[in-house]
1. Suppose we filter 595, 572 for residues that are over 27 Å from residue 472 (Cβ atoms), assigned to a loop (DSSP other than H, G, I, E, B) and at pLDDT 95 or above; which single one remains?
2. Looking for whichever is part of a loop (DSSP other than H, G, I, E, B), in the same structural domain as residue 553 (by TED's automatic domain parsing), surrounded by fewer than 16 Cβ atoms within 10 Å (Cβ to Cβ) and in contact (Cβ under 8 Å) with a residue 40 or more places away in the chain here; the options are 505, 483. Which one fits?
3. Among the listed residues 689, 678, 673, 665, which satisfies the condition of being within 22 Å of the chain's Cα centre (by Cα) and within 17 Å of residue 607 (Cα to Cα)?
4. Which count do you get for residues in region 103-146 that are at negative phi, more than 29 Å from the chain's Cα centre (by Cα) and either assigned to a helix (DSSP H, G or I) or at pLDDT 85 or above (or both)?
5. Check whether at least one residue in region 188-203 is more than 17 Å from residue 257 (Cα to Cα) and under 35 Å from the mean Cα position of the chain (by Cα), and report yes or no.
6. Of all residues in region 256-280, which are assigned to a helix (DSSP H, G or I) and in contact with a helix residue (DSSP H, G or I) (Cβ under 7 Å, 6 or more places away or on another chain)?
7. Of all the residues that make up region 234-275, how many are at positive phi and at pLDDT 95 or above?
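The values are calculated or read from the model by the stated rules, or taken from the named source; none is laboratory data. Keep in mind it's a predicted model, so treat the numbers as computed, not measured. Note that each Cβ is placed from the backbone with ideal geometry, even for glycine, and that neighbours are counted across all protein chains shown.
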């Protein structure tokens with residue numbers, strides 16, 4: 001505007017000045033300046049308009065924002081109100097007659113109470129247990145009938161009611177006969193093969209019971225109510241093991257069930273047998289509806305089943321099976337390792353197995369052989385002792401220059417011709433095979449025969465020939481017991497669930513180094529390891545055996561008396577219902593420090609001992625480790641690995657196990673030294689320590 005003022009002053013001067021001066025010349029210099037001023041003014045005007053429009057838009061946005069804030073405030077108020085309502089529902093109103101107990105340790109209790117509140121009328125069985133819609137009735141049901149909530153103060157959980165009067169406690173007397181057991185088995189078709197074996201061994205069992213009772217005081221024992229449910233022989237399992245037992249089917253599991261049932265009876269306990277879903281339901285008093293059992297035939301002190309049977313029990317009892325969890329013993333031929341047993345751990349680490357994830361104490365799994373110290377060795381009996389009449393018949397049996405092949409199925413023989421040809425150069429070969437057309441012509445085949453006939457063949461033979469399969473059966477020990485050496489094929493590489501179809505799905509990764517690892521430990525002159533593909537190795541073993549006189553040999557733990565001793569100790573001493581396990585006694589503990597990368601199973605074995613997982617709890621703290629000269633500079637509790645308790649030998653940092661279900665004898669870590677709970681054992685009775693009986 002300064003330029004415009006100057007222009008006006010010059011204009012006035014022109015008017016007042018001399019008329020001879022040209023005005024055009026005077027104003028020529030301002031034309032361009034005026035034009036520029038006009039443009040600038042237009043620009044300023046446009047800028048002003050833009051500013052006005054921006055202010056207008058900002059004011060509109062402000063109004064819109066205020067509306068949005070108001071709407072959000074309303075939504076927040078509604079959400080807070082809703083959360084308060086949910087919180088009020090979750091808090092569960094107190095009942096003046098039934099104060100809500102602390103729910104620590106019962107994470108699902110609230111959800112179950114809410115479910116009961118909405119659903120208790122859907123099944124009349126709930127009202128039959130006294131549920132009436134009140135909080136108190138919900139809590140009583142969920143704590144006493146099922147186990148989702150804590151028991152109310154002043155109340156005691158009742159035992160499962162029985163339709164029949166619970167027998168008065170009585171002493172367990174060693175049975176002098178098996179007559180009552182035969183009556184119990186009568187007309188139970190699923191037990192037909194089992195009953196046949198029991199009858200054939202009756203005299204031996206009675207003698208063993210008398211012998212054991214003469215050595216130990218068995219009088220101060222209480223007769224237990226024991227429920228036995230082998231799921232593997234139920235029709236619902238669909239395996240047809242009971243049906244095929246007489247035609248060459250697998251017998252290992254039936255042998256173990258037979259011997260367990262016999263031993264329980266001889267030890268004087270009351271047996272309740274089941275081999276079907278209907279009989280299972282009858283025992284637990286299951287009718288219809290969603291409620292758990294109301295009446296069982298009798299409350300069991302112990303339940304023996306297998307993994308299939310346990311799944312069946314769970315399906316019948318639903319949530320209430322948990323009441324019996326600590327009383328259950330699961331027969332499991334090949335064993336279940338702790339990391340496979342732990343459901344959450346197995347899922348997290350992709351340890352897939354249809355038989356795992358049961359969340360039992362690993363020692364509740366009972367195995368055929370003592371191959372996994374994390375489990376309990378139940379075993380079976382090798383039928384070498386015969387009745388007096390049968391023994392007399394076999395006294396005159398003369399051992400011949402013959403071999404008997406271990407393999408009832410002709411499919412086991414396939415691909416083994418060269419191996420058998422080498423043996424045939426030295427011995428006549430006999431078999432008990434289901435199909436003669438698939439085996440070499442020089443084999444004398446006796447077909448599928450009774451156990452006593454097999455023993456007669458073994459007593460006539462010098463060698464029992466393994467074919468690498470089946471794994472870990474009873475037959476090789478029967479051969480040794482009858483004075484017949486066993487050719488035990490090596491497995492290279494070792495077979496396991498990681499590389500062998502048969503073991504796929506088994507809840508362990510145990511490596512099997514031969515057809516029969518237990519026999520492998522016995523060694524020569526009874527057991528000879530051979531490479532089936534090495535003719536020289538096979539000939540070496542055969543010629544050595546033919547130059548020996550092999551006497552019958554059988555470890556005590558596989559005799560009737562040995563099984564009675566072991567089972568009696570387990571029944572009387574092994575307790576998974578107590579919060580602290582006091583058996584084996586702590587006096588049996590021997591602590592061994594394993595080198596990094598070595599499992600406790602290996603470390604204990606190298607020291608001539610057995611790993612005993614029940615002692616892990618004692619070692620699982622810095623104070624007790626210090627008493628065994630292991631000083632922890634730092635420590636922590638964790639469930640990241642199954643090798644704890646362990647320590648780093650460089651830093652002396654100790655790691656203790658947070659989850660007791662993950663205690664494991666069989667795992668190792670290359671960076672950690674394990675602290676191993678070992679114990680001694682009786683000769684030929686590895687399940688028992690010297691202080692255990």
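1. Numbers: 572 fails: assigned to a loop (DSSP other than H, G, I, E, B).
Of the residues listed, the single one that is over 27 Å from residue 472 (Cβ atoms), assigned to a loop (DSSP other than H, G, I, E, B) and at pLDDT 95 or above is 595.
2. 505
3. Testing whether each residue is within 22 Å of the chain's Cα centre (by Cα) and within 17 Å of residue 607 (Cα to Cα) leaves just 665.
4. Qualifying residue count for the region: 25.
5. Step one: of region 188-203, the residues more than 17 Å from residue 257 (Cα to Cα) are 203.
From the residues that got through so far, the ones that are under 35 Å from the mean Cα position of the chain (by Cα) too are none.
For region 188-203, residues more than 17 Å from residue 257 (Cα to Cα) and under 35 Å from the mean Cα position of the chain (by Cα): absent.
6. Going through region 256-280, the residues assigned to a helix (DSSP H, G or I) turn out to be 256-266, 277-280.
Listed by number, the residues that qualify are 257, 258, 259, 261, 262, 263, 265, 266, 277, 280.
7. Summing the residues that are at positive phi and at pLDDT 95 or above in region 234-275 gives 1.
Listed here are the residues, each with its yes/no results for (1) farther than 30 Å from residue 461 by Cα; (2) surrounded by 13 or more Cβ atoms within 10 Å (Cβ to Cβ).
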{"position": "493", "(1), (2)": "yes, no"}
{"position": "526", "(1), (2)": "no, yes"}
{"position": "573", "(1), (2)": "yes, yes"}
{"position": "582", "(1), (2)": "yes, no"}
